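Notes follow the structure.
The values are calculated or read from the model by the stated rules, or taken from the named source; none is laboratory data. Being a predicted model, the structure only gives us computed values, none of them experimental. Cβ placement follows ideal geometry from the backbone for every residue including glycine, while neighbour counts extend to all protein chains displayed.
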Amino acid sequence: MIKKLFNFFPPKLKIIIGLLIMFFLKPLRFHPGINLLLNKIVHMIGWYRVVKKGDIIIQGGVDYTFGPSFIEPISEIVGDQGLVVGVEPSPITIKYVSEKIKKGELSNNIVLINKAISDKKDEMNFVLGKKGTWNRLDRDSSESLKEDEKFSGNEIRVQVDTIDNIVKELNIDIQRISFVSLTINGQEYNALKGMKNIFKNSKNLSINVVAGRVKANPDIGLINGVPDKKVIRQFLENYGFKTKYFELKKGKMGYVMAKKGESKFFIG
């Protein structure tokens, strides 16, 4: 009931309401439940900051490990005239989301692409984790991945492609892409390297990339020995983006956020 009532408010009012709730709850954020609620509000405000009706959104990684995927609220915001492109290599997740769309639990403005994202078109091994956040694209065919307790031991071959190629094949107008979100378990930097055409031709674009995982996941938190957040920020700044880092989980992970033109940071 509260959610339905909230949906009647215009985006700017939703942001104001969210900020007010955060102001009063911040002193209580030591409580796990309150902290979780605050994180949800931060994301809600973020989506309404960078996404509007009719936009096209690229979501790399369609995971449901920790509650609803980003595609759910985003698809609601862009509406019937918008489009959400969800790119996900796991056939398990693709099947799960496809069934939700068929049942009417998700909007049909979502297009699912069953591929992994990287900096080139290829085919690679994909190791399935016991949770979606532990899935890994295995560039080196490493036995250590399959032996790690986080992984199921199951490995499949998946198609790998660039976001530039996917956008071209879908005949998407680059100027309508307002937001790109990448939550792809260590492949974020390679995915960005496969977006050079979008970077060169977009005028207003907001980007949100999971990074800062050096302590929590050192295997994917470093790029050639350098913290991923530092490498990713420098890469995006070279393409004219303004960037900043937001720590979502202290010492464990956060977001590299970037904006170009009249767009805004995902989290202000």
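If Asn171 satisfies all but one of (1) buried (at least 17 other Cβ atoms within 10 Å of the Cβ); (2) among the polar types (S, T, N, Q); (3) outside any helix (DSSP H, G or I); (4) out of contact with any Gly (no Cβ under 9 Å at 6 or more places or on another chain), what's the number of the condition it fails?
Of (1) buried (at least 17 other Cβ atoms within 10 Å of the Cβ); (2) among the polar types (S, T, N, Q); (3) outside any helix (DSSP H, G or I); (4) out of contact with any Gly (no Cβ under 9 Å at 6 or more places or on another chain), only one is false for Asn171: (1).
Which residues, taken from region 105-133, are closer than 16 Å to Thr162 by Cα and acidic (Asp, Glu)?
Listed by number, the residues that qualify are Asp119, Asp122, Glu123.
If the requirement is being in contact with an Asp or Glu (Cβ under 8 Å, 6 or more places away or on another chain), part of a strand (DSSP E or B) and at pLDDT 95 or above, which of these qualifies: Val158, Val180, Val209?
Val209
Return yes or no: is Gly240 more than 19 Å from the chain's Cα centre (by Cα) and not charged (D, E, K, R)?
So Gly240 passes the test.
From the list Val50, Val85, Val78, pick out the single residue that is in contact with a Phe, Trp or Tyr (Cβ under 9 Å, 6 or more places away or on another chain) and buried (at least 20 other Cβ atoms within 10 Å of the Cβ).
Val50
Could you list all residues from region 105-122 that are farther than 24 Å from Ile172 by Cα and in contact (Cβ under 8 Å) with a residue 12 or more places away in the chain?
Correct list: empty.
Which of the residues belonging to region 186-204 are within 21 Å of Lys230 (Cβ to Cβ) and either crowded, with 21+ Cβ neighbours inside 10 Å or of a type outside the set (S, T, N, Q) (or both)?
Gly186, Gln187, Glu188, Tyr189, Ala191, Leu192, Lys193, Gly194, Met195, Lys196, Phe199
From the list Gly33, Gly54, Gly67, which residue is modelled with pLDDT of 70 or more and not in a helix (DSSP H, G or I)?
From the options Gly33, Gly54, Gly67, the qualifying one is Gly54.
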